[in-house]
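S.K.: The structure under discussion is supplied below as structure tokens; questions concerning it will follow.
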Amino acid sequence: VTSHTLSYNFDLPSSHHFDALIGFEAQKNDFESNSVNANKFPNDIVRTVGAGVVIGGNSFKDQWSLASYFGRVGYSYKDKYRVNAAIRRDGSSRFGANQRYGIFPSASIGWRVSEEAFMKNIPVISDMKLKVSYGLAGNNAFSNYGSIGTLGADNYVFGNNLVNGLATNSIGNDNLTWEKSRQTDIGLELGLWKNRIFLTVDYYSRITTDLLLSVQVPTLTGFASASRNIGKVENKGMEFGLTTRNLTGAFKWSTDFNLSFNRNKVLALGPTGDAIRSGTGVGETNITVIGKPLGNFYGYQQLGIFKDQADLDSYPHDATARPGDVKFADVNGDGKFNADDRTLIGNNQPDFIYGMTNTLSFKGIDLGITVQGIQGGQILNLSRRFIENLEGNQNQLSTILDRWKSPQEPGNGIVPRANQRSTGNNNAISSRWVESASYFRIRNITVGYNLPKSVIERIKIQSLRLYGGIQNAFTSTKYLGFNPEVSGYENALTGGVDYGSYPLARTYTIGLNIGF
């Protein structure tokens, strides 16, 4: 990383203050990995490669770079009014040769209302500030070589012999460029009763254009996908923060609480507005359409279970379906059941996210409790393709105890019959596997004890603290999987899909801090 900055900071008459900064920064990132594989070692003691039989190797090298020019100016008057403006010019090697650089300006205004004369007669308000900002930001979190038509190893028959060769395995895009976000923020900071209660409220509206996406392309190109700047997405919402000092005597108690709402909506997708279908481990599971959030779950809508033969004969179904199989909705109303009946069956966008930390202390003893949770949103639990498929291949969820067994024992109308051959498309992606993502979690509990000064002075140390803690102490959720905080696929178009996420560990900690 190379960085050079030049700054100016000086006061002007009558409490004016001005500062400025200009700079340049460049970074180059290289990653290289080489390996040799061997087996048939004579024993477990000698592990050098030469002691075994070499069976192959691998070499990998990755590189990207970033160059940035930036400048900032700021002006304040009597700590009541503050104006800032900044501009950046960033270039990334990840983008096409024609569009590597982007220019990103921003500006903000702050007004400390509590410093005005008309606020001095309101003693309950100890601090009050209004702020507004607007700016353009760029995102280059994408493949290092997404703009380049890369080559991959391939074989070819030459002279009746199979020889090694190279073939193009991706489509280049010389115009691939920065993903851009234009954001407006309006905020309020309010302190009451000498800041014993401090409230922050922020409203934001962000429009993101030229999204960096790997999208499907016609198979006649010879490729499945290509890197494109496509679409426009809106995110808007509000964030609240509240800090209170509830008790300030010998027994102290403070609380920090935060709450945030976000609404995500796709405004445009390419020149024709065609939907983007995205896949995970089992084919197409998500779809992005205009007017809806990114990455909606995509599949069949389950109506129930075919109770008997008469029920089966009266409604469109797969040719292999039998009584006890899942009844899927004929969405397009054509009297047939096929892939055209797939529809939106949910999304992972929560209604709101919240968190709270309480800190208590009394005579050297301190206790901290942090809770956190999500309300609303959904998860597509693809793990149930295995642990609820009733094929007899592995252990199953207890939900199968309410399965369809016969017309006389129809179960709960959701879980199909035990079915070793998987007829009736019972394992198709459907609303049956869409679950609530809401949860409440006690994230951390920490308790500690600081020895009094009179004790530590006698043993000639500066401080001594004993503490213990629990991480992920408790979780309340209706989700059938291991963890409702799903991040199985790090892609905005496939969010909320769980295809075997790892359980979240509960961790116990005991420690001792000594200062000398």
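The values are calculated or read from the model by the stated rules, or taken from the named source; none is laboratory data. Computed from a predicted model, the values in this text were never measured in an experiment. So basically every Cβ, Gly included, is an ideal-geometry build from the backbone, and we count neighbours across all protein chains shown. Only protein heavy atoms, including side chains, enter the accessible area calculation; ligands, DNA and RNA are left aside. Shrake-Rupley method; radii C 1.70, N 1.55, O 1.52, S 1.80 Å.
S.K.: When you go through (1) open to solvent by 30 Å² or more (accessible area, probe 1.4 Å); (2) touching a helix residue (DSSP H, G or I) at 6+ places or on another chain (Cβ under 8 Å); (3) farther than 30 Å from Lys236 by Cβ one by one for Phe328, which number turns out not to apply?
M.R.: (1)
S.K.: Among the residues of region 79-97, are any hydroxyl-bearing (Ser, Thr, Tyr), at pLDDT below 90 and touching a strand residue (DSSP E or B) at 6+ places or on another chain (Cβ under 6 Å)?
M.R.: No; the residues of region 79-97 include none that is hydroxyl-bearing (Ser, Thr, Tyr), at pLDDT below 90 and touching a strand residue (DSSP E or B) at 6+ places or on another chain (Cβ under 6 Å).
S.K.: Taking the criterion of being part of a loop (DSSP other than H, G, I, E, B) and buried (at least 16 other Cβ atoms within 10 Å of the Cβ), would at least one residue in region 454-477 satisfy it?
M.R.: No, that holds for no residue.
S.K.: Taking region 42-68 on its own, how many of its residues are over 43 Å from the mean Cα position of the chain (by Cα) and assigned to a strand (DSSP E or B)?
M.R.: 1
S.K.: Would region 495-502 turn up any residue that is over 25 Å from Gly295 (Cβ atoms) and not small (Gly, Ala, Ser)?
M.R.: no
S.K.: Quick check on region 24-41. Is at least one of its residues part of a strand (DSSP E or B), within 30 Å of Arg82 (Cβ to Cβ) and modelled with pLDDT of 85 or more?
M.R.: For region 24-41, residues part of a strand (DSSP E or B), within 30 Å of Arg82 (Cβ to Cβ) and modelled with pLDDT of 85 or more: present.
S.K.: Can you tell me which residue within region 319-365, out of those that are without any contact (Cβ under 8 Å) to a residue 24 or more places away in the chain and of a type in the set (A, V, I, L, M), is nearest to Thr255 (Cα to Cα)?
M.R.: For region 319-365, the residue satisfying everything is Ala339.
S.K.: Met238 passes all but one of (1) under 30 Å from Lys120 (Cα atoms); (2) out of contact with any Phe, Trp or Tyr (no Cβ under 6 Å at 6 or more places or on another chain); which number fails?
M.R.: For Met238, the failing item is (2).
S.K.: Next question. If Thr320 satisfies all but one of (1) in a strand (DSSP E or B); (2) more than 30 Å from Leu212 (Cα to Cα); (3) at pLDDT below 95; (4) among the polar types (S, T, N, Q), what's the number of the condition it fails?
M.R.: The failed condition is (1).
S.K.: So which residues in region 203-219 are of a type outside the set (Ser, Thr, Tyr) and either open to solvent by 50 Å² or more (accessible area, probe 1.4 Å) or more than 17 Å from the chain's Cα centre (by Cα) (or both), if there are any at all?
M.R.: Arg206, Ile207, Asp210, Val215, Gln216, Val217, Pro218
S.K.: So which of Ile345, Ile305, Ile400 ends up being surrounded by 18 or more Cβ atoms within 10 Å (Cβ to Cβ) and farther than 30 Å from Val266 by Cβ?
M.R.: Ile305
S.K.: Moving on to the next point. With the structure loaded, tell me whether Phe104 is assigned to a strand (DSSP E or B), among the hydrophobic types (A, V, I, L, M, F, W, C) and at pLDDT 95 or above or whether it fails that test.
M.R.: Yes, satisfied.
S.K.: Among the aromatic types (Phe, Trp, Tyr) and under 30 Å from Leu130 (Cβ atoms) - does that describe any residue in region 55-69?
M.R.: No, region 55-69 contains no residue that is among the aromatic types (Phe, Trp, Tyr) and under 30 Å from Leu130 (Cβ atoms).
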